[in-house]
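A short reminder: the numbers here are calculations on the coordinates, not readings from a lab. The structure displayed is predicted, hence computed values, not measured ones. Backbone-built Cβ (ideal geometry, glycine too); neighbour counts: all protein chains shown.
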Amino acid sequence: MASYDVIVIGAGPGGYVCAIRCAQLGLKTACVEGREALGGTCLNVGCIPSKALLHATHMLHEANDNFARMGLIGAVPSVDWDAMLAYKDNTIDQNTKGIEFLFKKNNIDWLKGWGTIQSQNQVKVADKVYETKNIIIASGSEPSTLPGLEIDEKIVVSSTGALSLERIPEELVVIGAGVIGLELGSVYSRLGSKVTIIEYLDNIMPGIDNDVQKEFQKILKSQGLRFLMGTSVQKVEIIEQRAKITYQNRKSNEEHLMNADAVLVATGRKPFTDGLGLDALGIDKSPEGQIKVGSDWQTKIMGIYAIGDCVKGPMLAHKAEDEGMAVAEQVVGQHGHVNYGGIPNVIYTHPEVASVGLTESELKSQGHSYKIGKFNFMGNGRAKANFAASGFVKLLADKKTDRILGCHIIGPAAGDLIHEVCVAIEFGASAEDLALTCHAHPTYSEAVREAALACGDGAIHS
Ligand code: NAI
């Protein structure tokens, strides 16, 4: 019987990163994965394919809206949907093959199949039992749906089906104005679909900064997305290959009907722990289905750990990766640590939206005294040259100490810009530290520095 120091269950960003770090720390490591390819939801049916489609359709948008303005005259490209899907699939393939290569390089065994934990030291995969000193569960999450709503992945789809629709729908209804709804809604809107987003709450993207929410929704509306806010979906029926959606305004209780070629259900995800054998082991879960762990990610059974989307915290690939590295260090007796206050959040629409740290409403509810440094991309030369001057950087710092508490960006390359603030937060920096740091001209990053200057004596270009 093969025996290991550690068996990681799941090869998504949490599990595969964890397996590599375990191997780097000298542990004999195996990783269990039941999909045909490594990389989990993120690489196969999540972050990576959606970014390929966002990129391709953003290029189309640039060609349609901006080329002529820059003196690039000529035919606007037409869409070959099958070729675009092939580009997306090729992107997935390159990335998943990359992980296979990294597993080989680090001598990690890929145990192919779905794993069941049989005891503290045994994992069964495809009828074989493997001995191990430690088990790390990184089994991820799956889409959650609405009661009574059946996802067929053809007409009523989750994010998985939305990445491979047979044809571009003329009319698409998206249920949920969260990150998946807005990213994939943007993709199809750019491809010419008439997109209606139905959201139960009164604001899009619950949890993000209120100023960003308002600016974001205004920009998305100007791009052609239609929003029905404060609205809940009652039922979706399939009639002659079309969806008939019954929805209700939350305040007036009025019911309405709408037809669409496809419905994307993007109302959140839930932990995926089926078949792991947790109940038999007596491992506790929260009412939301998250595996309960301590600050060292250990379950109540010694040597069995859990990380990523199947435990508490934001369901983000990079949060899972950080936990994966930290738990590997815990297993070898080091002090792996994750700073949950410094985890960035990015929405890859155009413009991008990114944040780290606390929002203004969180600071208010904590009674924290803070100052705001805000800078509009309209004052940034590079953004103006690139027709990307919508949005702003909003930096929040402690009123007395000037320590950076949060940053909220909507604008070009926000998902990259946020990282200098992540580093600043990690180092306990002040807004003045950022303001005194030289930023190259002309770059979008100057907007971050200007927001930091605005926390002090004032931004230069506003
Ligand atoms: P989400 O939690 O971001 O948004 C779900 C939205 O659906 C919320 O606005 C909610 O109010 C709304 N909603 C819930 N029930 C509803 C109903 N009955 N009718 C109308 N609206 C309803 O969930 P989403 O977008 O499905 O994403 C799932 C997870 O995947 C998130 O945790 C996210 O962090 C992760 N993810 C992250 C990405 C990124 O970092 N760029 C990209 C894609 C997913």
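Points to keep in mind about this one:
- Each Lys or Arg adds one and each Asp or Glu subtracts one; over the other residues with Cβ under 15 Å from the Cβ of Gly406, this totals -2.
- Highest average packing first - 432-441, 401-410, 419-428, Cβ atoms within 10 Å: 401-410, 419-428, 432-441
- At most 15 other Cβ within 10 Å, DSSP loop - GluC sites (Glu not before Pro), region 288-384: Glu288
- Evaluated at q = 0.21 Å⁻¹, the base-10 log of the normalised Debye intensity for region 332-381, with identical point scatterers placed on the Cα atoms, takes the values -1.00.
- The length gained on full extension between Lys218 and Asp152, counted as 0.36 nm times the residue separation minus their Cα-Cα distance, comes to 20.5 nm.
- Stokes-Einstein translational diffusion, the chain - Kirkwood Rh over all Cα pairs, 0.692 mPa s, 37 °C, in µm²/s: 138
- Region 39-111-region 268-345 distance, computed between alpha-carbon centres (Å): 29
- Its Cα gyration tensor gives region 274-428 an equivalent ellipsoid. The semi-axes, each the square root of 5 times an eigenvalue, are 36, 18, 14 Å from largest down.
- Note: region 1-127, Cα convex hull, 125 Å³ per residue.
- Bins of 5 Å from zero: percent of alpha-carbon pairs in region 85-224: 2, 7, 12, 14, 13, 13, 12, 10, 8, 6, 2, 0
- For region 188-232, a Kirkwood hydrodynamic radius built from all Cα pairs, placed in the Stokes-Einstein relation at 25 °C and 0.890 mPa s, yields a translational diffusion coefficient of 222 µm²/s.
- Modelled label positions at Arg226 and Glu255, each set 7 Å beyond Cα in the direction of Cβ, lie 2.1 nm from each other.
- Simple label model, 7 Å out from Cα along Cβ direction - Glu100 to His419, nm: 2.8
- A Stokes-Einstein calculation at 10 °C with viscosity 1.306 mPa s, built on the Kirkwood radius of region 231-283 over Cα pairs, returns a diffusion coefficient of 113 µm²/s.
- Relative contact order, percent, the chain [alpha-carbon distance under 8 Å, six or more residues apart]: 14
- Other residues whose C-beta falls under 14 angstrom from the C-beta of Cys310 contribute a net charge of 0, scoring Lys and Arg +1 and Asp and Glu -1.
- Region 29-68 shape via C-alpha gyration tensor axes, a/c threshold 1.5: prolate
- HN-Hα J in Hz across region 290-306 - Karplus 6.51, -1.76, 1.60, θ = phi - 60°, x for Gly and Pro: 7, 5, 7, 9, x, 5, 9, 6, 8, 6, 6, 9, 4, x, 10, 10, 8
- Once the chain from Thr443 to Ile238 is taken as fully extended at 0.36 nm per residue, the excess over their C-alpha distance is 68.8 nm.
- Segment Lys399-Met378, extension gain: residue separation times 0.36 nm, minus the distance between their alpha carbons: 4.9 nm
- The charge dipole of the chain, taken about its Cα centre with unit charges on the Cβ of Lys, Arg, Asp and Glu (plus for the first two, minus for the last two), comes to roughly 340 debye.
- Per-residue ellipticity at 222 nm from helix content only, as computed over the chain with -39500 (n - 2.57) for each DSSP H run of at least four residues, stands at -9500 deg cm²/dmol.
- Per-selection Kirkwood Rh - region 191-298 (Cα, Å, 1 d.p.): 17.4
- Distance cut-off 19 Å, percentage of C-alpha pairs in region 222-351 lying past it: 66
- Site pair Asn107 and Ser119 shows an inter-label distance of 2.7 nm when each label is modelled 7 Å from Cα along Cα→Cβ.
- 3J(HN,Hα) along region 207-216, derived from phi through the Karplus expression 6.51 cos²θ - 1.76 cosθ + 1.60 where θ = phi - 60°, amounts to x, 8, 3, 4, 5, 5, 3, 5, 4, 4 Hz, with x in place of Gly and Pro.
- Karplus-derived 3J(HN,Hα), 6.51/-1.76/1.60, for each residue of region 445-454, Hz, glycine and proline x: 5, 4, 5, 5, 5, 5, 5, 5, 4, 5
- Rg to Rh quotient for region 73-139, alpha carbon positions, Kirkwood Rh: 1.28
- Net charge over other residues, Cβ less than 14 angstrom from the Cβ of Glu100 (K, R count +1; D, E count -1): +1
- Kirkwood analysis of the Cα pair distances in region 205-258 returns a hydrodynamic radius of 13.2 Å.
- Long-range amide H partners of Ala429 with built H, under 5 Å: Ile404
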